[in-house]
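What follows is a set of notes on a single structure, which appears directly below.
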Amino acid sequence: MAFDGPDLRWGHDMTNVKAATVRGLQSATTIGGVPLAFIAYAAFAFSDASVRMLDGALNPFQVTFAGALLGLVALPLVRTSGDRLRDMFASTRRSLWIGRAIGSAIGSVASVVAFTRLPMPEAFALLFLMPLFVTVLSVIFLRETIGPWRWVAVVLGFVGVLMVLRPGLRPLDLGHTAALMGAIASAAVIVLFRAGGGAEKRISMLGAGLTGSLVLNGALMLPGVRWPDTHELLLLLGYGLLAILGQALLMLAAQRIEVSRIAPPQYSQMIWAVLFSYVVFHEPVTAATFAGIAVIILAGLLTWLREQVTLPSWRRRGILRPR
């Protein structure tokens, strides 16, 4: 089907959206850092639910492209004093910037596929393996020394995966593969950031992710692209704008509390996922899946606790959502 572009009111509408976002963020200045983090992760959960509600009606590459296009609205929000918009393409090491762009593009579209094909708790459970993959990739590529507790966390995480997937007892779906790919790709992006020594600007980190999705997923969406109907367009807007809101709130939270305290509230997304699964999508979660989710979350928290002790502070200060 032919791709019909939006009308000229789009630019005016996006200006209004940006202004409304700024007013909303200004009203959040009196909220503490931890509550802001919980609200941010709730926004991310609602963003992911928007993808689930699309139910595969649109090409996943097109969904990811639309999210990245809307993500451009967030660039002014991450700028610090002295930053220029062209700094989104700047990098201390070009190869690492390109790697982050590719990893972000893969991670984003893999997450969209996962949320399209799997119940939300199951998709989140596999995506929450990201910290464990960071541990493994850091050993392989950064030659980091990993203590026994973090290896215990890795083993626990993969035990949790087996409990969720139960291979041989249930059919596995493309969504499971996509969720694992999303976790690995997001972990690779974090490891590439660490490899750069933490010298990259936030606007460069976000710019790499947006550019990767705009270029790679934009090209891959072309064979099946179509203009969404009104319902689909509203869900696309929810997917992109709620993700922007979540990112902005995370940055506000980081201005109020230590970044290390922002990580644990991320697991509150699972509560939202279970609520959506039961109330909206009517997909009950089995006891075995609940048990596997609990083990994966325990492994992730254990990894987080150990990293607060063993990693230099610059390796803990990134607050951009991996996906």
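Points worth noting:
- Rounded D (µm²/s) - the stretch 136-201, Kirkwood Rh over Cα pairs, Stokes-Einstein at 4 °C, 1.567 mPa s: 93
- Neighbours of Gly292 by Cβ distance under 11 Å: Lys/Arg scored +1, Asp/Glu scored -1, total 0.
- In this view, the solvent-accessible surface of Trp272, computed with a 1.4 Å probe and all protein chains in place, comes to about 80 Å².
- With Cα atoms defining each centre, the stretch 116-145 and the stretch 154-209 are spaced 4 Å apart in the structure.
- Tensor-based shape of the stretch 198-282 (alpha-carbon gyration tensor, a/c under 1.5 rounded, otherwise prolate or oblate): oblate
- Options Gln247, Leu237, Ala263, ranked by Cα towards positive dipole end of the stretch 188-265, top entry (Cβ charges): Ala263
- Taking label positions 7 Å along the Cα-Cβ direction at both Ile31 and Thr145, the computed distance is 4.3 nm, reported to one decimal.
The values are calculated or read from the model by the stated rules, or taken from the named source; none is laboratory data. Just so it is clear, the structure is predicted and the values come from calculations on it, not from any experiment. Counting neighbours? That spans all protein chains shown, and the Cβs are built from the backbone with ideal geometry, glycine included. Keep in mind that these areas ignore ligands, DNA and RNA; they rest on the heavy atoms of the full protein, side chains included. Shrake-Rupley method; radii C 1.70, N 1.55, O 1.52, S 1.80 Å.
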